[in-house]
Amino acid sequence: MTFIFHNCRVLDAVSDRVREGHDVVVTDGRIAQIEPTRLRLPHEGRVFDASAYTVMPGLIDCHAHYTLDPWAVDPFSQIANEPVGMSMLRAARTARDGLYAGVTTVRDAGAPRQLNFVLRDAINAGLIPGPRLLAPGCAITITGGHGMTFGVEADGLVELQRAVRTQMRDGADVIKIVASEAAMLTGPEAGVEELSQAEIDLLVAEARRRGLRIFSHAQNSTSVIRSARAGVDSVEHAFLANKEAISALREHNITLTPTLAVVQVTLERNDLTPAFRERMERIREQHWWSCEEAIRQGVNVVASTDCGEPCIYPSLLWRDICLLHDRGLSRMDAIKAATSRAAELLGVADHVGSLQVGKQADLICVPGNPADDLTHLGQVQLVMKAGEVVYTR
Ligand SMILES: [Zn+2]
């Protein structure tokens, strides 16, 4: 089975240039050829006139909660109070909408009752459309800690070790831990650390024992520094991180998932109380500074939605890419933050994240040239996952 994107612009997300007038040939789910367009149309296989489009790798969302419903007023209480079947049907909608917006791979950031395993398995079985989901099961947090609504509570070294082992036994692709409070929920003054250095060290060692990657929700400086020293793969948010904390990321070569979209899009809602708006504006100021400092210091940053917060829809990844550019990444680096660099962080770069011969055909078509105008990424026209066209606009 061959599919040809004919006469398109190619953005491979590896080099810094785009190539005009190319054919991308997909055979048996893989990218078989990327060649300059010949005068005559190839006549084998299905030919798609892509002359108006850029063909590029499918997008990768490095932090999203696909089982928390962004259409809910309060996703956390909704999922705690409704039948699990209803929650899964909502999650199916989220997965479909993400895929149809061009998101072909997602690192889920934690679900109650390990529901992301069910979602992942349903997608892989072809029951529902959705991105390839790397699922951690429950996020691992302390009793009463941030994440108790999308994770499992555990205290002390023995319980924490058991919590990681439980996620791994039940099918975790990756481990998610919660090292600090959440400023959006408790305010910047409450950027409290939750896990000790010894605890994070143990959690990382336990994940590594089974060869899994691990990422850490850390918002204040202490939790960012502890996570960096422990050697997690990525730190999430770092909203309140100071210069020393950002330097620790650089020093230990840790990726930052700044989750810019969740703060920005929340601030664009018109139903916030004045007190919450004021707090969010203060957080945004610190957040932008920490992200800019990370970019200045050359820390690797990746794109994400934090989908699952109210009004943070799975289709908003393009907003985060634009915001990364606003904070200092070049347009091409912002695109790589949602493709090739994201794939490297997730350990899937051998298969996806770039448009190269031999890679799996997870591809999208967008109008115009996103390297000139990133908003084109919000107008995905066609999505191919593993060589199959799963969406056309
Ligand atoms: Zn999150």
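Filter the stretch 299-311 for residues that are of a type in the set (A, V, I, L, M, F, W, C) and buried (at least 22 other Cβ atoms within 10 Å of the Cβ); which is nearest to the ligand (Cβ to nearest atom)? I'd like the intermediate steps shown before the answer.
Within the stretch 299-311, the first condition is being of a type in the set (A, V, I, L, M, F, W, C), and the residues that meet it are 299, 301-303, 307, 311.
With the extra rule that they be buried (at least 22 other Cβ atoms within 10 Å of the Cβ), the set shrinks to 299, 301-303, 307.
On the way: Val299: 19, Val301: 16, Val302: 14, Ala303: 14, Cys307: 8 Å.
The extreme case among them is Cys307.
Pick out the one residue from Gln167, Gln114 that is surrounded by 24 or more Cβ atoms within 10 Å (Cβ to Cβ), more than 18 Å from Arg226 (Cβ to Cβ) and within 23 Å of the chain's Cα centre (by Cα). I'd like the intermediate steps shown before the answer.
Values: Gln114 fails: surrounded by 24 or more Cβ atoms within 10 Å (Cβ to Cβ).
Testing whether each residue is surrounded by 24 or more Cβ atoms within 10 Å (Cβ to Cβ), more than 18 Å from Arg226 (Cβ to Cβ) and within 23 Å of the chain's Cα centre (by Cα) leaves just Gln167.
Scan (1) modelled with pLDDT under 95; (2) of a type in the set (Lys, Arg); (3) assigned by TED's automatic domain parsing to the domain that holds Ser315 for the single condition Arg46 breaks and write down its number.
Among (1) modelled with pLDDT under 95; (2) of a type in the set (Lys, Arg); (3) assigned by TED's automatic domain parsing to the domain that holds Ser315, the lone unmet condition for Arg46 is (3).
Assess whether Ala101 counts as being surrounded by 24 or more Cβ atoms within 10 Å (Cβ to Cβ), in the same structural domain as Asp306 (by TED's automatic domain parsing) and either touching a Lys or Arg at 6+ places or on another chain (Cβ under 6 Å) or of a type outside the set (Lys, Arg) (or both). Write out each step before concluding.
Details: surrounded by 24 or more Cβ atoms within 10 Å (Cβ to Cβ): yes; in the same structural domain as Asp306 (by TED's automatic domain parsing): yes; either touching a Lys or Arg at 6+ places or on another chain (Cβ under 6 Å) or of a type outside the set (Lys, Arg) (or both): yes.
For Ala101, the condition - surrounded by 24 or more Cβ atoms within 10 Å (Cβ to Cβ), in the same structural domain as Asp306 (by TED's automatic domain parsing) and either touching a Lys or Arg at 6+ places or on another chain (Cβ under 6 Å) or of a type outside the set (Lys, Arg) (or both) - is met.
Taking only the stretch 312-322 into account, find how many residues are away from the ligand (no atom under 16 Å from the Cβ) and of a type outside the set (S, T, N, Q).
Applying the first criterion (away from the ligand (no atom under 16 Å from the Cβ)) to the stretch 312-322 yields 315, 318, 321-322.
Pick out the ones that are also of a type outside the set (S, T, N, Q) and you get 318, 321-322.
So the count comes out to 3.
So, Arg96, is that one in the same structural domain as Ala303 (by TED's automatic domain parsing) and more than 13 Å from the ligand (Cβ to nearest atom) or not? Give the steps one after another, and end with the answer.
Working: in the same structural domain as Ala303 (by TED's automatic domain parsing): yes; more than 13 Å from the ligand (Cβ to nearest atom): yes.
For Arg96, the condition - in the same structural domain as Ala303 (by TED's automatic domain parsing) and more than 13 Å from the ligand (Cβ to nearest atom) - is met.
Among Gly144, Gly156, which is away from the ligand (no atom under 13 Å from the Cβ), modelled with pLDDT under 95, farther than 27 Å from Ala361 by Cα and surrounded by fewer than 24 Cβ atoms within 10 Å (Cβ to Cβ)? Walk me through how you get there before you give the answer.
Values: Gly156 fails: modelled with pLDDT under 95.
Every option except Gly144 fails the conditions.
Is it true that some residue in the stretch 327-336 is in the same structural domain as Arg93 (by TED's automatic domain parsing), farther than 20 Å from Ser15 by Cα and within 16 Å of the ligand (Cβ to nearest atom)? Working first, answer last.
First pass over the stretch 327-336, keeping only residues in the same structural domain as Arg93 (by TED's automatic domain parsing): 327-336.
Restricting the remaining residues to those that are farther than 20 Å from Ser15 by Cα gives 327.
Still in the running and within 16 Å of the ligand (Cβ to nearest atom): none.
So far as the stretch 327-336 goes, no, none of its residues is in the same structural domain as Arg93 (by TED's automatic domain parsing), farther than 20 Å from Ser15 by Cα and within 16 Å of the ligand (Cβ to nearest atom).
Name, by its number, the condition in (1) in a helix (DSSP H, G or I); (2) within 16 Å of the ligand (Cβ to nearest atom); (3) closer than 17 Å to Glu293 by Cβ that does not hold for Leu185.
Every listed condition holds for Leu185 apart from (3).
Filter the stretch 60-85 down to residues that are in a helix (DSSP H, G or I), over 22 Å from the mean Cα position of the chain (by Cα) and either within 22 Å of Asp271 (Cβ to Cβ) or touching a residue at least 60 places away in the same chain (Cβ under 8 Å) (or both), then give me how many there are.
Here is the first cut: in the stretch 60-85, the residues in a helix (DSSP H, G or I) are 75-81, 84-85.
In the following step, the residues that additionally are over 22 Å from the mean Cα position of the chain (by Cα) were identified as 77-78, 80-81, 84-85.
After this cut, where a residue has to be either within 22 Å of Asp271 (Cβ to Cβ) or touching a residue at least 60 places away in the same chain (Cβ under 8 Å) (or both) as well, the list is 77-78, 80-81.
Going through the stretch 60-85 one residue at a time, the tally reaches 4.
Any residue that is at positive phi and part of a strand (DSSP E or B) - is there at least one of those in the stretch 10-23? Give the steps one after another, and end with the answer.
Taking the stretch 10-23 as the starting set, the residues that turn out to be at positive phi are 13, 21.
Going one step further and asking which of them are part of a strand (DSSP E or B), we end up with 21.
Looking through the stretch 10-23, at least one residue is at positive phi and part of a strand (DSSP E or B).
Would you mind stating whether Ala361 is surrounded by 20 or more Cβ atoms within 10 Å (Cβ to Cβ), touching a Ser or Thr at 6+ places or on another chain (Cβ under 9 Å) and not assigned by TED's automatic domain parsing to the domain that holds His237? Can you show your working first?
Numbers: surrounded by 20 or more Cβ atoms within 10 Å (Cβ to Cβ): yes; touching a Ser or Thr at 6+ places or on another chain (Cβ under 9 Å): yes; not assigned by TED's automatic domain parsing to the domain that holds His237: yes.
In short, yes.
(1) under 22 Å from Gly231 (Cβ atoms); (2) of a type in the set (Gly, Ala, Ser); (3) more than 15 Å from the ligand (Cβ to nearest atom): which one isn't true of Ala179, the others all being true?
With respect to (1) under 22 Å from Gly231 (Cβ atoms); (2) of a type in the set (Gly, Ala, Ser); (3) more than 15 Å from the ligand (Cβ to nearest atom), Ala179 is out only on (3).
The values are calculated or read from the model by the stated rules, or taken from the named source; none is laboratory data. Nothing here was measured: the structure is a model prediction, and the numbers come from that model. Positions of Cβ are generated from backbone atoms using ideal geometry, with glycine treated the same way; all protein chains shown enter the neighbour counts.
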